[in-house]
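Below is one structure, written out as structure tokens; comments come after it.
The values are calculated or read from the model by the stated rules, or taken from the named source; none is laboratory data. Keep in mind the model is a prediction, meaning the values are calculated, not measured. Positions of Cβ are backbone-derived with ideal geometry, glycine not excepted, and every protein chain shown enters the neighbour counts.
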Amino acid sequence: MKAIGFVTKVMTDPDSGRELAAVYVQTSPNPTSGYIEILPMQDVVQTDWTVEEGMTFIMTGGTNAPDRLRFNNPVTPPPS
């Protein structure tokens, strides 16, 4: 399961050096409520949606959305 959210800050774990994203996940149809998740950046799937497209998606409960959505990160080949 995935949710649309907005990356509000990127931090670094001092022990592992991993980048972590604070992601604000808004609730529909009231975007002033929601919650924050902290995720490794490698698990965040970035879309090419504008902020307006993302907000419209949330405000309409997903009924008004762009016709495209990246669901997974592109597969990168292992280092050789």
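One table, with the values for the structure above:
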item: Search result, residues across the stretch 19-42 that are exposed (fewer than 12 other Cβ atoms within 10 Å of the Cβ) and either among the acidic types (Asp, Glu) or over 15 Å from the mean Cα position of the chain (by Cα) (or both); result: Pro29, Asn30, Thr32, Ser33
item: Of residues in the stretch 35-79 being closer than 29 Å to Arg18 by Cβ and polar (S, T, N, Q), the one modelled with the lowest pLDDT; result: Thr76
item: The stretch 1-20 residues that are in contact (Cβ under 8 Å) with a residue 40 or more places away in the chain, paired with ones that are part of a strand (DSSP E or B) and among the aromatic types (Phe, Trp, Tyr) (beta carbon under 7 Å, 6 or more apart); result: Phe6/Tyr24
item: Matching residues, the stretch 48-80, being of a type in the set (Val, Ile, Thr) and free of Cβ contacts under 8 Å to residues at least 40 places away in the same chain; result: Thr50, Thr56, Thr60, Thr63, Val75, Thr76
item: Tally of residues being within 21 Å of Thr76 (Cβ to Cβ) and not small (Gly, Ala, Ser) across the stretch 14-51; result: 13
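Matching residues to (1) part of a strand (DSSP E or B); (2) surrounded by 14 or more Cβ atoms within 10 Å (Cβ to Cβ):
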| position | (1), (2) |
| --- | --- |
| Lys2 | no, no |
| Val7 | yes, no |
| Ile58 | no, yes |
| Asp67 | no, no |
| Thr76 | no, no |
